[in-house]
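Each remark here refers to the structure printed beneath this line.
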Amino acid sequence: MELMIFETPAAVADEGARRIRHLLHARPDAVLGLATGSTPLTMYERLVRDCRQKRISFAAVTTFNLDEYVGLDGDHPQSYRHYMNEHFFSKIDIDLANTHLPVAAAGANPLRIGAEYETKIAAAGGIDLQVLGIGRNGHIGFNEPTSSLGSRTRVKTLTRETLASNRRFFPAHGKQAELAITMGIATIMEARKVLLLATGEEKAAAVEQLIEGPVSAMWPATTLQYHGNVTVLLDAAAASRLKNRDYYDWVQQQQQKLVQQFDAD
Ligand code: GLP
């Protein structure tokens, strides 16, 4: 697991955007796995800027989002489709037909969507780079604690903690979606590369488990310890509970030296 710790959330966003630019320069038709939540917003802003400045293009890119609330269709303001369109897709040169979320709109059978979504991901050739945030309880996507480490895209019931933490996105008296469809942990593990961003002190306990804890379904993100190509970008607050911080900083310095010497790209 490659770990980079920055002072600020802005620096995390800069590095995340740099990684995605790098991938798109090498592979303009990359398949990106995308995440919602507040964490990746600044990174998306950076990518919008890069696209407007013609430093990158998403014209040939395909995307698959991690998750979506059950029963919300794309024009619902709390749907993740709406979030993605508003914050990212409408501002870049992507073809909306190439953007995918596991949508089970009102009335559709959510139990069927998971397998269909997996088929679409496979037909696109799999995910080159999966962007992840992390929940306070260590969830990735909406794979809540006790999710099977071998799970595929399916319906998940959200924990009360996740509902409380996402309550802020729903209107004060509006009904909040309680079910979601999420890529499974095994689905995420099949991405060729994973880029996880975490900022803020409220993520520090989950980050501690992710980096230094034992692999456990109680902290689903810990499964990433088995993935061979994960980069974790943290700000100082999210890294504040790590016990071996000195060592990680030292590794980062050594890595930078190697890159400067052998791989300036
Ligand atoms: C949400 C999403 C996750 C996200 C996480 C953290 O509920 N389903 O994909 O990573 O919780 O969100 P935030 O970045 O707002 O803290």
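The values are calculated or read from the model by the stated rules, or taken from the named source; none is laboratory data. Please read all numbers here as calculations on a predicted model, not as lab measurements. Surface areas here come from the heavy atoms of the whole protein model, side chains and all, with no ligands, DNA or RNA. Shrake-Rupley method; radii C 1.70, N 1.55, O 1.52, S 1.80 Å.
Using only helices, what value at 222 nm comes out for the chain when you add -39,500 (n - 2.57) per DSSP H run of length 4 or more and divide by the total residues, to the nearest 500 deg cm²/dmol? Let's see the in-between values first.
On the way: 8 runs with 91 residues, N = 265.
Calculated mean residue ellipticity at 222 nm is -10500 deg cm²/dmol.
Each Cα pair under 8 Å and six or more residues apart adds its separation to the average, and for the range 2-262 the resulting relative contact order is 24 percent.
By how many nm would the segment from ARG167 to GLN260 grow when fully extended, if each residue of separation counts as 0.36 nm and the alpha-carbon distance is taken off? Numbers along the way, then the final one.
Values: separation 93, 0.36 × 93 = 33.48 nm, distance 4.50 nm.
That pair, ARG167 and GLN260, stretches by 29.0 nm at full extension.
Across the range 2-262, Cα-Cα distances exceeding 22 Å account for 54% of all pairs.
One Cα centroid belongs to the range 1-59, the other to the range 158-222; the line between them spans 20 Å. Ranked by solvent-accessible area (1.4 Å probe, protein heavy atoms only, all chains present), the residues SER38, SER90 order from largest to smallest as SER90, SER38. The count of lysine pairs in the range 2-262 that are at least 8 places apart or cross chains, and whose C-alpha atoms lie under 28 Å apart, stands at 15.
Under 10 Å, Cα contacts only: if you run a Gaussian network model on the chain, which one of THR231, THR146, THR223 comes out with the highest mean-square fluctuation? Highest fluctuation of the listed residues: THR146.
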